[in-house]
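Taking it in order: structure first as structure tokens, then the write-up.
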Amino acid sequence: ARAKPAPPRGEIGPTPALGACCRGGRERCDPDPALWEAPLWRELGFSLDHAHAYAYSYASDGERFTVRAQGDLDCDGVYSTFELESGAGAPTVTDELE
């Protein structure tokens, strides 16, 4: 059996910045390819090319990783948070229906 490749080491995000999708009375962020040009996002092969309501983060020590999505779906300052850690069974969800 082949060994699994190690996750890229580093931290990035939240991308876009928390609250960015609520600026200007909107509840979504327009796609912005420039946000995803950071080397770590490119190495992960992650970007969004459609309107979205979440900010994304990634952190890894090179062995384990955590990914997180945070969104204020009704722009009231309360964020829904979805988090997944490598090796964990199910994602952690906080204030899903915020």
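Regarding Ser80, is this residue among the polar types (S, T, N, Q) and more than 22 Å from Pro8 (Cβ to Cβ)? Yes.
Among the strands (runs of 3 or more DSSP E) confined to the chain, the ones with at least 1 residues that are at pLDDT 90 or above and surrounded by 11 or more Cβ atoms within 10 Å (Cβ to Cβ) are located at 10-15, 54-60, 65-71, 80-85.
The values are calculated or read from the model by the stated rules, or taken from the named source; none is laboratory data. Since this is a predicted model, take the numbers as computed values, not measurements. Glycine gets a Cβ as well: all are built from the backbone with ideal geometry, and neighbour counts include every protein chain shown.
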